[in-house]
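The values are calculated or read from the model by the stated rules, or taken from the named source; none is laboratory data. Owing to the predicted nature of the structure, the values given are computational and were not obtained by experimental measurement. Note that we place each Cβ from the backbone using ideal geometry, even for glycine, and neighbour counts take in every protein chain shown. To get the accessible areas, we keep the full protein, side chains included, count just its heavy atoms, and leave off ligands, DNA and RNA. Shrake-Rupley method; radii C 1.70, N 1.55, O 1.52, S 1.80 Å.
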Amino acid sequence: VVDDSSAAFMARNWESKAYDSGQGVDKAPWYHDWGSGCHQSSSTVDTAVWDLGIRADDTYTLDAWWPAAPSSSGWSSEVRYEVIENGVVLSSIVLDQTKNGDTWNRIASIPLARAAEVKVRVTNLQAKPAIADAILVQSMARFNDGSDAVSVELDAYDAIILLNH
């Protein structure tokens, strides 16, 4: 997870916000930012960018998170997410942030290279609030074929399940 609180995130002119019901249980109404907060902008000019820091050539699924706050019904229904590799837009999708909050929303499933500079850029297409919160980066490669792995490298928020036979 690359959160907006990470050094890998940049958003000029986006305001820091917190949308958190304070309820950590699955009992409505609840909603929360991923991490300690998020960024919000009603500008159609300013962008927010996450540097993904891809560490291996592979196909990745990328998902975006925004809270399901009560005020989300007035948010932008046209928020563009672009996957950019070495300055070239590889994928673009427009998502509706008035819906599907508090869940991961698919941006792309795409091959990415380790040596490349890979970013996700978000742009608001309406003069309503848009949220930049977190991007989930998942490699399609799995160590589930029974073969030995020499090493496994995990980032913050990553997890691995080890089985001892």
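What to note about this one:
Here's the yes/no breakdown for (1) in a loop (DSSP other than H, G, I, E, B); (2) touching a residue at least 40 places away in the same chain (Cβ under 8 Å); (3) crowded, with 17+ Cβ neighbours inside 10 Å:
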site	(1), (2), (3)
Ser91	no, no, no
Ile110	no, yes, no
Arg114	yes, yes, no
Val120	no, yes, yes
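- Checking the stretch 93-103 against the condition returns no match, with no residue being touching an Asp or Glu at 6+ places or on another chain (Cβ under 9 Å), aliphatic (A, V, I, L, M) and in contact (Cβ under 8 Å) with a residue 40 or more places away in the chain.
- Matching entry among Ser71, Ser76, Ser139 (being under 23 Å from Ser5 (Cα atoms), open to solvent by less than 10 Å² (accessible area, probe 1.4 Å), out of contact with any helix residue (DSSP H, G or I) (no Cβ under 7 Å at 6 or more places or on another chain) and of a type outside the set (A, V, I, L, M, F, W, C)): Ser76
- Ser147 being at pLDDT below 95, on the phi < 0 side of the Ramachandran plot, open to solvent by less than 80 Å² (accessible area, probe 1.4 Å) and touching a strand residue (DSSP E or B) at 6+ places or on another chain (Cβ under 9 Å): no
Residues are listed down the side, and each one gets a yes or a no for (1) part of a loop (DSSP other than H, G, I, E, B); (2) touching a residue at least 60 places away in the same chain (Cβ under 8 Å); (3) open to solvent by 30 Å² or more (accessible area, probe 1.4 Å):
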residue: Asp33; (1), (2), (3): yes, yes, no
residue: Thr44; (1), (2), (3): yes, yes, yes
residue: Ala56; (1), (2), (3): yes, yes, yes
residue: Tyr60; (1), (2), (3): no, yes, no
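- Test: residue in the stretch 119-132 that is modelled with pLDDT of 95 or more and in contact with a His (Cβ under 6 Å, 6 or more places away or on another chain): yes
- Verdict on Thr59 being out of contact with any Pro (no Cβ under 6 Å at 6 or more places or on another chain) and among the β-branched types (Val, Ile, Thr): no
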